[in-house]
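Derivation of every value follows stated rules applied to the coordinates shown; laboratory data play no part. Remember, it's a predicted structure, so these values are computed and weren't measured experimentally. For neighbour counting, all protein chains shown are included, and Cβ atoms are generated from backbone atoms with ideal geometry for every residue, glycine included.
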Amino acid sequence: MKREDIDWSVLRGALVGFVLSVVVGGALAGGGHAVMKSMQLEFTRNNALFQGISGKYLAVDEEEKQIKKYFPRFLDLYHGGIIGREERLNWIETLRDAGERLRIPSLNYEIRSQGAFAPSFPLNLGRYQLYSSEMSLSLQALHEGDLLRLLQLLDTRAAGLYSIHACRMNKSSQVIDVTSGDKGNILVQCEMNWFTVKLADGTEIKVET
Amino acid sequence: MTSSLKSRFEFSGRRALFLSSQKAAVYQWRKGDLGSSFLFDANTQGREHFARYLTESPNYPLHILVDIFEEEFRAETIPHVFGGDRDAIVTRKKARLFRDTPYFQYSVQGRETAGRRDDNVLMSAITNPLLLDPWMQLLDDHKVPVAGVTSVPLFSAALVPLLPHAADNALLISLQSISGLRQTFIQKGKLRISRLVHMPRYGTEPYGPHIREEVEKIRRYLNSLRLASPEDPIDIYFLLTGELLEEVRGAYRDSALIRHHAVDLNDLLRKSGSARRVAAPFSDPLLAHQLLRLRPANAYATRRNRRYASLRTMRHGLVAAGCAFLFGGMASGGLDFITAMDLKQRGDAATSKTQFYSARYEMARERLPKTPVESADIQLAVEVADTLRQYKTSPREMMVLLGSQVQQHPQVQLDSVEWIASTNPEAKLEGGGENAEESPPPAPELGLTAQQPAYRIFQIALVKARLAPFDGDFRQAIVTIGALADALRAAPGVHNVQVLSLPLDISSDANLQGSSQATKAEAVFSMKIVLGIGNET
């Protein structure tokens with residue numbers, strides 16, 4: 001049909017009706033779909049909560065076993081300064097005490113501020129974040145055994161978990177003189193990390209005593 | 001050239017306009033049969049009445065049937081071509097044969113049996129368009145959807161199936177009240193000849209003699225065309241009723257070439273499904289009924305004539321599409337809404353169950369000790385600490401290894417040890433280990449690396465030492481250093497031992513000078529030791 005043959009008065013009503021039908025039909029379809037999607041989202045959320053809590057409820061016995069098995073060790077780690085707050089005062093006191101006890105002529109340390117630590121080995125941290133305080137340790141030792149005994153004392157008495165990643169030992173003189181108690185023969189310099197495990201979201205771990 | 005497909009767009013009413021040069025009759029279709037009818041004169045006054053009728057009646061589609069003297073038929077042959085080529089040929093033929101009329105149609109009736117087997121085409125036209133134009137203009141002015149225009153000769157073939165017995169050569173004789181006596185010869189369903197004769201006013205003169213005279217004329221004409229044979233005679237059907245039918249019945253004698261049949265119009269009406277009965281011998285109601293029942297394809301109406309029918313089809317299409325969208329949207333939206341309600345109920349049920357299990361869980365938790373974090377996190381924290389302990393490093397192992405080996409080689413005096421821990425056995429040391437390749441080159445035979453198992457972590461030490469006392473015997477010194485390296489390599493956990501420098505550089509790449517009397521006081525050397533911790537194989 002040619003354009004000039006079209007009498008729009010015949011088609012106008014039908015065209016308007018068609019457009020309205022498309023709009024209304026589209027709105028109904030779109031609205032229905034939107035409502036359905038919204039309900040689907042709500043259902044998914046509610047169902048996930050239900051699945052979670054029902055799973056927890058069913059696993060409460062397992063949870064009890066888990067707590068019985070791991071909570072004592074968790075408490076040890078907490079009180080040992082590995083989980084929660086770090087125990088800098090304890091480290092300092094331990095180092096001073098060790099220096100006196102081992103009669104190390106000179107023992108110097110420097111602890112830098114704590115920061116997040118990314119280990120080079122695989123470690124599943126879950127909700128936790130690993131933090132580290134770097135410490136530089138410098139001592140004048142009579143002989144190599146002083147360093148080993150110092151580390152042993154740190155292992156047994158210091159609150160926290162450390163790891164030494166670098167050391168340098170230089171002999172001060174050609175002849176080792178172990179009789180002179182106030183002069184070291186070996187200069188030892190070590191770099192170490194004191195590790196602390198905390199919740200990643202910053203929530204403080206508090207154990208009720 | 002206005003042939004088009006049969007239109008079936010009407011959803012409800014329809015009507016027929018039966019038009020001759022003197023009269024016009026309108027028949028309305030009602031519940032599958034003819035309804036009321038109206039008769040108009042074919043003049044200005046009649047058309048005014050017709051216009052009033054159009055104004056006051058529903059705007060149903062209109063099928064037009066014409067029965068006029070000014071309809072001409074021409075049998076032609078055209079090449080057997082299709083599409084645009086055929087249109088071009090037909091257009092040329094039409095321009096030559098029917099120049100001044102838009103009301104033209106053609107139909108292909110077969111093909112020649114010889115030669116290039118051209119198509120046999122029957123072309124026809126209403127040669128006086130002024131007969132039809134005023135009516136068509138009136139219909140267009142009133143926006144009447146004209147479904148099509150056809151003529152009694154063209155439409156007569158539709159009556160053949162109603163006849164009592166099939167005939168290949170059928171001559172239909174019918175009277176139309178508004179036009180006259182129509183004689184149409186149909187051969188094997190195809191229109192061959194049609195002739196219209198004016199008749200006196202009904203009731204003023206007996207029709208029997210008129211019919212006999214006209215039938216005789218056409219019979220002679222058909223005989224001259226030699227269309228009949230004893231094997232294939234001509235059957236003449238008189239479509240009449242009442243006294244005239246009785247008069248015709250028995251008035252003609254059959255021969256070998258001609259057979260006569262008097263057919264009652266009321267029988268044909270009954271057969272066509274109409275409840276209407278006629279007393280007068282006119283075929284108008286039968287033709288109108290068949291026309292509205294069969295709604296034949298348009299023959300003569302132009303595209304312009306039929307535009308309101310096309311617009312009506314478009315309007316119906318739009319309405320149907322709109323309804324489809326609306327109902328589709330309602331159905332889709334409704335289904336989604338039902339699904340949403342179902343999801344809502346299930347979501348609410350999940351919430352109720354969550355509350356129920358939460359309460360039960362809290363009750364169950366009350367018997368457990370209070371923990372600062374969840375039980376899974378307690379286990380995880382312990383595992384993290386265990387892992388950290390596994391990877392905890394100190395130079396203890398390296399110092400123990402060096403101490404034991406130095407004890408076994410008392411000539412070796414350690415000057416310095418640079419130590420690091422790393423998961424990478426190739427990690428570089430700050431104090432020069434990384435320059436191992438640039439330092440005095442290692443003796444190749446002493447730098448062999450043993451195949452070692454996989455370790456969790458490595459301790460790497462750069463050891464600088466000397467041989468004391470040293471008597472200047474470099475050969476013996478190299479042997480001693482080699483023995484030390486071998487002993488270290490053989491120790492448990494040692495991943496690699498590499499002698500980095502010897503007291504004397506004996507490689508071919510180095511310059512070497514000295515004196516046979518002079519003795520060197522020192523025999524300094526260095527080596528790199530890689531110790532694996534935590535065998536994981």
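May I ask for the percentage of alpha-carbon pairs in the stretch B:137-199 that lie more than 19 Å from each other?
Values: 844 of 1953 pairs.
In whole percent, the long-distance tail amounts to 43.
Of B:SER179, B:HIS495, B:GLY203, whose Cα points farthest to the positive end of the dipole of the protein assembly as shown (charges on the beta-carbon: +1 Lys, Arg; -1 Asp, Glu; origin at the Cα centre)?
Farthest towards the positive end: B:GLY203.
Using a simple spin-label model with points 7 Å from Cα along the Cα→Cβ vector, what separation in nm is obtained for B:ARG346 and A:SER172?
In this crude spin-label approximation the distance works out to 7.9 nm.
Name the long-range amide H neighbours of B:ILE236: under 5 Å, sequence gap of 5 or more, or other chain; modelled H, no Pro or chain starts.
Correct list: B:LEU171, B:ARG259, B:HIS260, B:HIS261.
List every DSSP H helix in chain B whose Cα atoms extend 20 Å or more along the helix's own long axis and whose mean Kyte-Doolittle hydropathy is at least 0.5.
In chain B, the long hydrophobic H runs are B:474-490.
What are the chymotrypsin sites (Phe, Trp or Tyr not before Pro) within the stretch A:66-113 that DSSP puts in a loop, where the Cβ has at most 11 other Cβ atoms within 10 Å?
none
Specify whether the C-alpha gyration tensor of the protein assembly as shown places it in the rounded, prolate or oblate class, a ≥ b ≥ c being the square roots of the eigenvalues: rounded for a/c under 1.5, otherwise prolate if a/b is larger than b/c and oblate if not.
Prolate is the answer for the protein assembly as shown, as a/c is 1.5 or above and a/b outweighs b/c.
Using the charge dipole of the stretch A:88-199 (Lys, Arg: +1 at Cβ; Asp, Glu: -1 at Cβ; taken about the Cα centre), state which of A:SER106, A:SER163, A:ALA141 has its Cα farthest towards the positive end.
A:SER163
So what is the 222 nm mean residue ellipticity for chain B from helices alone, if each DSSP H run of at least 4 adds -39500 (n - 2.57) and you divide by all residues, rounding to the nearest 500 deg cm²/dmol?
Value at 222 nm, helices only, nearest 500: -12000 deg cm²/dmol.
Calculate the dipole size of chain B relative to its Cα centre from +1 charges on Lys and Arg beta carbons and -1 charges on Asp and Glu beta carbons; express the result in debye to the nearest 20.
3800
Please list, ordered by chain and number, the residues whose modelled amide H lies under 5 Å from the amide H of B:VAL66; skip anything fewer than 5 residues away on the same chain.
Hits under the 5 Å cutoff: B:LEU19, B:THR150, B:SER151, B:VAL152.
Residue farthest toward the positive end of the dipole of the stretch B:306-365, with Cβ of Lys/Arg at +1 and Asp/Glu at -1: which of B:THR354, B:GLY334, B:LEU311?
Going by the Cα projections, it comes out as B:LEU311.
Taking other Cβ within 10 Å of each residue's Cβ, how do A:GLU100, A:GLU134 sort, fewest first?
On the way: A:GLU100 10, A:GLU134 16.
In increasing order of surrounding Cβ atoms, one gets A:GLU100, A:GLU134.
Checking a compactness column here: for the stretch A:52-180, what do you get for Rg(Cα) / (2.2 N^0.38 Å), N being the number of residues?
Taking the Cα Rg and dividing by 2.2 N^0.38 Å, one obtains 1.46.
Can you compute 3J(HN,Hα) from phi for each residue in the stretch B:171-187, using the Karplus curve 6.51 cos²θ - 1.76 cosθ + 1.60 with θ = phi - 60°, rounded to whole Hz and x for Gly and Pro?
Result, ordered by residue: 10, 8, 10, 9, 10, 10, 4, 9, 10, x, 8, 10, 10, 10, 9, 10, 10 Hz.
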